[in-house]
Amino acid sequence: MNNLRTSPGLRVAAAVVAAWAGLQATVLVIGWSGPSSLTWAVPALAALTWLYTGLFITAHDAMHGAITGDRRVDDQIGAACLSLYAMLPYARLKAAHVRHHAAPGTPHDPDFDAPGDSSPVLWFLRFFTRYATVGQAARLVAVFLVLRFGLGLPMVDLLLFWLLPSIGSAVQLFVVGTWLPHRAGPDLAPPHRARSLDLPVWASLLACFHFGFHLEHHAVPSAPWWRLPAVRRRA
């Protein structure tokens with residue numbers, strides 16, 4: 001337990017979840033009151049979208065055991081983050097991600113879509129519908145009913161500050177973390193078949209929690225997101 005308490009990965013994960021929860025609660029409590037809210041609502045929406053992405057990246061690190069090093073604890077953290085993100089089934093996504101790393105950019109890769117490579121929109125739709133389940137939809141409906149009718153939150157607030165950020169982060173994760181790194185091109189080579197985005201560290205953080213340093217991630221999958229810049233420098 002003491003090792004877990006001093007784990008830097010656990011502290012980083014806790015900070016991401018706490019920031020997301022704090023901002024999510026704040027914007028839903030304040031609510032949308034019209035055009036005068038643009039001065040705070042737009043940057044809040046952008047920050048919330050980014051933190052939704054952080055939730056998913058934290059769950060992704062958990063799949064690699066890159067938070068505490070304790071697989072059981074990391075899986076619990078990952079499952080919690082994906083539930084907060086969009087009630088996604090952690091075990092299903094983890095199994096698919098293992099297959100992705102085993103054969104990236106091949107027909108055996110569940111995240112690769114060669115027929116849709118010329119159309120990122122089709123690839124995006126196929127990518128996320130693979131992981132949608134009836135159970136996930138039912139859980140999302142249940143959460144919506146509690147927020148809308150149990151807590152009485154206005155529909156416009158739920159659309160702006162609950163639905164829209166999760167959709168925006170899904171696009172961010174796909175573009176920066178899947179399509180740009182894995183789309184077909186002469187620069188892809190086995191075994192990783194991935195490329196990294198040539199971004200400064202600050203832009204990489206904003207783009208997708210350094211997930212654009214994708215070749216480094218495939219080369220050292222045990223490195224958490226916040227250590228990928230260091231992996232890149234060493235490479």
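Only the coordinates and a few stated rules stand behind these numbers; no lab work does. Remember, it's a predicted structure, so these values are computed and weren't measured experimentally. Heads up, the Cβs are rebuilt from the backbone with ideal geometry, glycines too, and the neighbour counts pull from every protein chain shown.
Before moving on, here are some points about what is shown:
- Relative intensity, log₁₀ I(q)/I(0), of the range 86-156 from a Debye sum that treats every alpha carbon as a point, q = 0.16, 0.23, 0.24 Å⁻¹: -0.69, -0.99, -1.03
- Distance in nm between pseudo-label sites at Leu163 and Ala18 (7 Å out along the Cβ direction from Cα): 3.3
- Label zone at Arg148 (point 7 Å along Cα-to-Cβ), backbone N below 15 Å, the range 37-54: none
- The residue list Val12, Leu38, Val176 was ranked by how far each Cα lies along the charge dipole of the range 2-185 toward its positive end, using unit charges on Cβ atoms, and Val12 comes out on top.
- The range 137-180 and the range 41-86: distance between their alpha carbon centers, rounded to Å: 15
- With helices as the sole contributors, the chain gives -18500 deg cm²/dmol at 222 nm; each DSSP H run of n ≥ 4 counts as -39500 (n - 2.57), and the sum is divided by every residue.
- Within a Gaussian network of the chain (alpha carbon springs, distance under 10 Å), most fluctuating of Leu38, Leu180, Leu93: Leu38
- Counted residue by residue at 0.36 nm each, then reduced by the alpha carbon distance between them, the extension gain from Gln76 to Ala189 reaches 37.2 nm.
- Taking 1.567 mPa s as the viscosity and 4 °C as the temperature, the Stokes-Einstein diffusion coefficient of the range 2-185 based on its alpha-carbon Kirkwood radius rounds to 73 µm²/s.
- The range 22-129 - Rg over Rh from alpha carbon coordinates, Kirkwood radius: 1.08
- Extension gain for Arg130 to Asp198 (0.36 nm times residue separation, less C-alpha to C-alpha distance): 21.5 nm.
- Distance histogram in 10 Å bins (all Cα pairs of the range 147-209, percent per bin): 18, 32, 24, 15, 9, 1
- Lys, Arg +1 and Asp, Glu -1 on Cβ, resulting dipole of the chain about Cα centre, debye, nearest 20: 360
- Counting only whole DSSP H helices of the chain, the ones at least 30 Å long by C-alpha along their axis and with mean Kyte-Doolittle hydropathy no lower than 1.0 are 8-30, 38-63.
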